[in-house]
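To start, the structure itself, in structure tokens.
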Amino acid sequence: MTPEQRGAEFDAADPLAGYRERFILPENVIYLDGNSLGALPKDTPETVQRVVEDQWGEGLIRSWNSAGWFDMASRIGGKIAPLIGAAPHEVIVCDSTSVNLFKLIAAALKMRPGRKVVLSEPGNFPTDLYMIAGLEAQGLATRRLAPRETLAEALDGDVALLLLTHVHYKTGAMHDMVALTRAAHAAGALVLWDLSHSTGAMPVDLDGAGADFAVGCGYKYLCGGPGAPAFAYVAERHQAALQQPLTGWFGHAAPFAFSDDYAGAPGIARMQCGTPPVLGLAALEVGVDLIAEIGVGRLYEKSQALSGFFLDCLKAHKVDLELVSPPRSDQRGSQLCFRAPHAHAICQALIARGVIGDFRDPDVLRLGFAPAYLSFADMAAAARHLAEVLASGEWQRAEFNQRAAVT
Ligand SMILES: *Cc1c(COP(=O)(O)O)cnc(C)c1O
């Protein structure tokens, strides 16, 4: 059987196959970058248009109450909560992942007086490392990086917070959330998980793991649209004492009392800073509803099947690329990364054929398998394109060897 024939058989048996219809995807594109910017749900344009024309255009300022704008951030947070193993009142949507990292790192440091070290790993997503560095420059933190094999040993009595990305953005390798959370707590430290590459692609159990804090992205697997607002999780037991440093009026207990003095809202609402981006929230809610409807358990099952089948297809075409993701599907997220000296040009040649993946400096070709809208036929076709690009040497063409600003 050819890979294409096997792909067609898998598609026929795939209980999620019908969900592809719920997304708008261009013809002749195989989209393997849903881990960077999720695809557009079919309902999003109409929903956003309704919010703009009816709620903004007609409702004007009244819509803060009548259309529920005021509570939108916590309402959508409550919908994200079951996807990450949290209670609805432990999650809120606000700001960007970067800003939420800043708020929660600072809050964690405040909860561990006498300790200043924020421990992470080299090669973590840049913004995570930069946010620690920013607090270090303010004199509030000391950044310590330890390779993942030595994290447990680096957890000494100076560590206030362990900050890790659950699924690595460049390799897809997944940390053992339960074990690392336990190790951090045993050392007296708190834990902040960045779930940007996990949320919406696989089940996560923050409460079950005993996690303290988490952040994550709205525009990747949650399909919230470019620059969608992010989310933040604070375990219930920490909410009363939480002091996040961006004490804007929307995190106030009574914003419309217009008091001169700050008093943080009880509960997760305290994570907010300024006025929430209503249009962005409206788009995000459509994506979150759709992912929740499909279910993260089923999505993860399919994502493992897709990536496994993709590797089988590469084998059938005798493609020999170095896999930098864990070969075992239960040890990785929803992506496969390959190291190749000309990864950037290979990626560009694939894009010219309509196979959109991405490149991560210096030599990684990253292919994401957003399970909500990809088919097994897509896997077979993408693998064939990759085999052809490599065998023909077409990646060597000059046009594929120039770099744009966003890679
Ligand atoms: C995508 C991503 C981010 C994005 O942060 P922004 O503030 O939205 O730019 C943060 N952390 C990780 C691990 C990511 O993959």
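Applying the selection to region 101-157, what residues are within 16 Å of the ligand (Cβ to nearest atom), free of Cβ contacts under 8 Å to residues at least 40 places away in the same chain, farther than 25 Å from GLY264 by Cα and out of contact with any helix residue (DSSP H, G or I) (no Cβ under 6 Å at 6 or more places or on another chain)?
Matches in region 101-157: PRO122, PRO126, LEU129, TYR130, ALA133, LEU145, ARG148.
Given the criteria in contact with a Gly (Cβ under 9 Å, 6 or more places away or on another chain), assigned by TED's automatic domain parsing to the domain that holds PRO15, assigned to a helix (DSSP H, G or I) and surrounded by 20 or more Cβ atoms within 10 Å (Cβ to Cβ), does LEU367 qualify?
It is false that LEU367 is in contact with a Gly (Cβ under 9 Å, 6 or more places away or on another chain), assigned by TED's automatic domain parsing to the domain that holds PRO15, assigned to a helix (DSSP H, G or I) and surrounded by 20 or more Cβ atoms within 10 Å (Cβ to Cβ).
Could you check region 158-171 and list, in sequence order, the residues that are crowded, with 21+ Cβ neighbours inside 10 Å, within 11 Å of the ligand (Cβ to nearest atom) and part of a loop (DSSP other than H, G, I, E, B)?
Scanning region 158-171 gives HIS166, HIS168, TYR169.
Kindly indicate whether any position in region 199-215 is touching a Pro at 6+ places or on another chain (Cβ under 9 Å), assigned to a loop (DSSP other than H, G, I, E, B) and surrounded by 20 or more Cβ atoms within 10 Å (Cβ to Cβ).
Yes.
ALA87 versus (1) more than 14 Å from the ligand (Cβ to nearest atom); (2) crowded, with 19+ Cβ neighbours inside 10 Å: which is the lone unmet condition?
The one condition ALA87 does not meet is (2).
Per-residue answers, yes or no, for (1) modelled with pLDDT under 95; (2) of a type outside the set (Phe, Trp, Tyr); (3) closer than 28 Å to VAL167 by Cα:
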residue	(1), (2), (3)
VAL48	no, yes, no
VAL52	no, yes, no
ILE61	no, yes, no
TRP64	no, no, no
ALA87	no, yes, yes
VAL93	no, yes, yes
SER98	no, yes, yes
MET111	no, yes, yes
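May I ask you to verify whether VAL29 is crowded, with 18+ Cβ neighbours inside 10 Å, away from the ligand (no atom under 16 Å from the Cβ) and either hydrophobic (A, V, I, L, M, F, W, C) or at pLDDT 95 or above (or both)?
no
Being outside any helix (DSSP H, G or I) and in contact (Cβ under 8 Å) with a residue 40 or more places away in the chain narrows it down to one residue among ALA73, ALA86, ALA8; which is it?
ALA86
Contact list please: Cβ distance under 6 Å, first residue in region 159-178 and over 23 Å from ASP207 (Cβ atoms), second residue within 9 Å of the ligand (Cβ to nearest atom), pairs at least six apart or on different chains.
Partner pairs satisfying both residue conditions: TYR169/PHE125; TYR169/HIS197.
State yes or no: is ALA141 on the phi < 0 side of the Ramachandran plot, buried (at least 16 other Cβ atoms within 10 Å of the Cβ), touching a Pro at 6+ places or on another chain (Cβ under 6 Å) and modelled with pLDDT of 95 or more?
Criteria not met by ALA141.
The values are calculated or read from the model by the stated rules, or taken from the named source; none is laboratory data. Model, not experiment: these values are computed from the prediction. Here Cβ is always computed from backbone atoms with ideal geometry, including for glycine, and neighbour counts include all displayed protein chains.
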